[in-house]
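As structure tokens, the structure follows; a few thoughts come after it.
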Amino acid sequence: MTEKNKNGPLDSLTKRLEEEPARITEAKKGGTKVVGYFCAHVPEELIIAAGMLPVRLAFGGESEPAQAGEQFLKSYSCPYARSCLGYKVEKTNFYYNAVDAVCVAHTCDCMRRIGEYWERYFGIPVFTFGVTHTHDRFRSRPQAIAYFRNELELLRKRLGEFSGKEIKNSQIRKAIALCNSIREKLRALFEYPKEYSSPIEWCDVLRITHAGFLMNRLDYLRELKKIDKDLQQQRLRKIPFDKRIRIMVCGSVIGIGDYKVLDIIKQASGNIVADNVCTGSMFSRKNVTVYGVMGNPIEALAERYLYNVPCPFMTDLSKRLNRITKIARDYKVHGLIFYNLKYCDTWRAELGFIKETLYKELAVPTLLIEGEYSSADVGIIRTKVEAFIEMIGGRF
């Protein structure tokens, strides 16, 4: 939390989040099941419609769980993927211990294996579903959306069987309305840092987003409404003009607690204002659209979750580049920091294209930060970030 928000709009959310483990424990005693998931391609609307609690297990930044995961994945696997197993091995994280089942989207190779290990070695039911690697925004390959829609129908059936009740279309529509409301509130929060005088910083909006991965979604929406009301009131006051260098972050997943690079950027007098990260603004980018009471909610979910911004494991590089360029332009970005988790080749392969496109289109320079979940590289990262921000400052 930044100083400007101390004793401000985030206090209520922070306190509410601290109460969540006790609330989840009580709900489980009453028969409510908790379903975890790791990837943004999982439609949590189906979990909510089944009367269960969704929890996105997106923690990161700690070396111990990453190391513990090495008994399943090699040490040169993505530290986030290793942590998704390591937290379960260590049994120190409440949320990994609380889940009764997990949903796993077949995306990169590491994430696909996570489901197999959870089921075999931890005895947790795993609901897997495939995500086509073909992302075609022009819809010229109808077999892609048909495949994904069928996978979601199968997921719906399996979640219904696990919850003990059929998931009806009306329940899915209700869950969609709830999640759309949350996405709209989050999108509005991510818009604030676009201005040079913002009542909230991007890093705080990221933490608000992360809190939503863990909370009961109805309670979370109430907290978002409180925050929005408070920020609207703050906008009526005079907010100082922020002269810091404006930074955009892009790259691998930024997990809950993986704030090392973000803190270094702030300490170096950089101001993060925008992102292209699946645990950041990409998570809330697009609503699910159901056309009337006769519209098929599964088709609507398939359309939203398949045709949101494509992940680098999918095709359609040009759409990813266009989105990153648009964000950089709209938010008047001075530089981009590409944060790549070590051994995440899926994202690392994009760097050359992004770096070339941003500089050619907007003259925005890019800095690569490649790191592990360790404090050993803090000094090196700090030196690189400070030099990068100083170099940008010299251009103005």
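Summary table
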quantity	calculated
Given charges at Cβ of Lys, Arg, Asp, Glu: the chain dipole, positive-most of Phe127, Ile264, Ala328	Ala328
With Cα atoms, 0 to 90° folded angle of helix 169-191 axis to the chain main axis	10
Student exercise, the chain dipole from Lys, Arg, Asp, Glu Cβ charges, in Debye to nearest 20	1040
Label-point separation, Leu368 to Lys165 (7 Å along Cα→Cβ), nm	5.2
Per-selection Rg to Rh, the chain - Cα, Kirkwood hydrodynamic radius	0.95
Two-decimal Rg to Rh for region 93-187 - Kirkwood Rh, Cα set	1.01
Unit charges at the beta carbon, dipole of region 32-167: most positive-side option, Cys78, His106, Leu57	His106
Angle in degrees between helix 202-212 and the longest Cα principal axis of the chain, rounded to the nearest 10	10
Ranked packing of 375-382, 81-88, 34-41, most packed first, by mean Cβ within 10 Å	81-88, 34-41, 375-382
As computed over region 140-246, the Cα convex hull volume per residue (Å³)	155
Per-selection metrics, region 32-167 (Cα): Rg and Dmax in Å	15.4, 47
Computed log₁₀ I(q)/I(0) - Debye formula, equal Cα scatterers, no solvent, region 316-355, q 0.16, 0.26, 0.29, 0.33 Å⁻¹	-0.44, -0.98, -1.09, -1.17
Phi to ³J(HN,Hα) by Karplus 6.51 cos²θ - 1.76 cosθ + 1.60 over region 52-58, Hz, x for Gly, Pro	10, 9, x, 9, 8, 7, 10
Residue exposure sequence - Glu26, Glu45 - by fewest surrounding Cβ within 10 Å	Glu26, Glu45
Over region 300-396 - Rg/Rh using Cα atoms and the Kirkwood inverse-distance radius	1.02
Per-peptide average of other Cβ atoms within 10 Å, ordering 231-241, 107-117 highest first	107-117, 231-241
Gyration tensor (alpha-carbon) shape descriptor, region 183-318, a/c threshold 1.5	oblate
Modelled FRET efficiency - R0 25 Å, Thr25 with Lys226, Cβ distances, 0.05 increments	0.55
Mean Cα-pair separation over length for region 66-188, i.e. relative contact order, pairs under 8 Å, 6 or more apart, %	15
Degrees between helix 351-362 axis and first principal axis of the chain (Cα, 0 to 90, nearest 10)	50
DSSP-assigned coil residues among chymotrypsin sites (Phe, Trp or Tyr not before Pro) in region 246-338, each with at most 12 further Cβ atoms within 10 Å	Tyr291
Region 138-195: chymotrypsin sites (Phe, Trp or Tyr not before Pro) in DSSP loop, at most 14 other beta carbons within 10 Å	Phe138
Exposure proxy ranking, count of Cβ atoms within 10 Å, fewest first, for Trp202, Trp347	Trp347, Trp202
Cβ charges +1 (Lys, Arg) and -1 (Asp, Glu), total dipole of region 20-72, debye	300
Student exercise, region 77-155 dipole from Lys, Arg, Asp, Glu Cβ charges, in Debye to nearest 20	220
For the chain: relative contact order, % (alpha-carbon pairs under 8 angstrom, 6 or more apart)	19
Order of Met391, Met248 under a 10 Å beta carbon neighbour criterion, fewest first	Met391, Met248
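Rule-based calculations on the coordinates, nothing more; no lab input. A quick note: this is a predicted structure, and the numbers were derived from the prediction, not measured. Methodologically, a virtual Cβ is constructed for each residue, glycine included, from the backbone with ideal geometry; neighbour enumeration extends over all protein chains shown.
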